[in-house]
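Presented below is the structure to which this report refers.
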Amino acid sequence: MVEATCLLHGTNSTIKYSPDYYLPTINDPDLFEFSKEVAGMVSKEGYMRDIVPTMGGEDFSFIADAVPSTFFMIGQGTGGDEKLHLPRTDYGLHHPSFSLDEDVMPVGVELHVNIALRTLAELGNGDSPSWYKKKVENETMEGSATAAI
């Protein structure tokens with residue numbers, strides 16, 4: 001197809017294949033379970049919905065590869081309201097018409113603050129967070145003596 005298109009327009013082409021540089025974004029299973037409870041508490045629905053995994057690349061994947069991490073999609077997509085001159089917010093992040101639904105920002109703040117407070121409460125008891133202990137136990141069982149937090 002490329003050769004035919006070039007021939008049609010009197011040009012040439014070179015195709016260079018490069019493997020995808022982005023790592024997959026993978027949630028730490030123990031931190032995910034810890035965070036899932038908090039996410040349910042701050043959700044308007046009272047629970048966190050699991051979503052079908054996507055193949056999208058994300059800068060966050062490099063952080064998640066280095067330290068236990070969980071990636072949340074906190075909601076976006078009200079559809080807007082033309083009468084009130086509110087833009088649609090159901091476009092994807094990289095779509096030229098993307099518009100942030102600012103109503104989801106307090107949910108994100110509440111989620112992250114509550115995760116931090118629960119972690120600090122466990123640390124305040126002189127204990128490592130439950131998700132971190134599981135991570136260290138799992139890595140020790142796998143032969144690794146180090147863990148990152």
Check your understanding: Residues of the range 64-91 being under 14 Å from the mean Cα position of the chain (by Cα) and either open to solvent by less than 90 Å² (accessible area, probe 1.4 Å) or in contact (Cβ under 8 Å) with a residue 40 or more places away in the chain (or both), which ones?
Key -> ALA64, ASP65, VAL67, PRO68, SER69, THR70, PHE71, PHE72, ILE74, GLY75, GLN76
Check your understanding: How many residues does the range 41-58 hold that are modelled with pLDDT of 85 or more and within 13 Å of the chain's Cα centre (by Cα)?
Key -> 0
Practice item. Just one of (1) within 23 Å of MET48 (Cβ to Cβ); (2) open to solvent by less than 40 Å² (accessible area, probe 1.4 Å); (3) modelled with pLDDT under 85 trips up GLU139, so point out which. Key: (1)
Review point. Filter the range 17-40 for residues that are over 15 Å from the mean Cα position of the chain (by Cα) and open to solvent by less than 100 Å² (accessible area, probe 1.4 Å); which is nearest to LEU117 (Cα to Cα)?
Key: VAL38
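The values are calculated or read from the model by the stated rules, or taken from the named source; none is laboratory data. Treat the numbers as computed from the prediction; the structure is a model and nothing was measured. Don't worry about glycine lacking a Cβ; one is built from the backbone with ideal geometry, like all the others, and counts go over all protein chains shown. The accessibility values were calculated without ligands, DNA or RNA, using every heavy atom of the protein model including side chains. Shrake-Rupley method; radii C 1.70, N 1.55, O 1.52, S 1.80 Å.
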